[in-house]
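Structure first, then comments.
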Amino acid sequence: MFRRLPQPPVNPAARDPEHPDFWPGFLTAVIGLVLVFCGARHLTGVETVDGSTAWETQLIKAYSSGGLKFPDLVPAPPPPPKPGDLAAAAALERWAKQSASAEPPTWKVRVDTEAKTPCPT
């Protein structure tokens, strides 16, 4: 059924040395470590309580442990009065002054990296 075929003679000196190469694997490992380190330590635009910028891992930890701090927002001015009578004109002027002096709310979130309260879920 099977027949053995004759093989050519082997010359060990002319054969390609089959030793593994060190440098391609080493460089691939170094590049992988750098990418993992940079990916895990990605900076966000969120400010920490101490004034620096939060890393992505710090933001995730703060989210899960109650470390997100929201500022107290100033309430928006009341809606304009309804026109119709003489008192409405004075109220409209008062409302215009309040609206002009009102500041837009700031939606700045800060991260407390030292928070330890566990997530309730």
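The values are calculated or read from the model by the stated rules, or taken from the named source; none is laboratory data. Model, not experiment: these values are computed from the prediction. Please note: Cβ atoms are built from the backbone with ideal geometry, for glycine as well, and neighbour counts cover all protein chains shown.
Could you check segment 81-100 and list, in sequence order, the residues that are in a helix (DSSP H, G or I) and at pLDDT below 75? Before the answer, list the steps.
Residues of segment 81-100 that are in a helix (DSSP H, G or I), as a first pass: 86-100.
Answer for segment 81-100, where residues must be in a helix (DSSP H, G or I) and at pLDDT below 75: Leu86, Ala87, Ala88, Ala89.
So that you can scan it fast, the table gives a plain yes or no per residue for (1) small (Gly, Ala, Ser); (2) surrounded by 10 or more Cβ atoms within 10 Å (Cβ to Cβ):
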| position | (1), (2) |
| --- | --- |
| Arg15 | no, no |
| Glu18 | no, no |
| Phe22 | no, no |
| Val30 | no, yes |
| Gly39 | yes, no |
| Thr44 | no, yes |
| Gly51 | yes, no |
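Each residue in segment 16-74 was checked for being under 11 Å from the mean Cα position of the chain (by Cα) and part of a loop (DSSP other than H, G, I, E, B), and 2 of them qualify. Taking into account only those residues within segment 101-115 that are among the charged types (D, E, K, R) and under 20 Å from the mean Cα position of the chain (by Cα), which is modelled with the lowest pLDDT? Within segment 101-115, the match that is modelled with the lowest pLDDT is Lys108.
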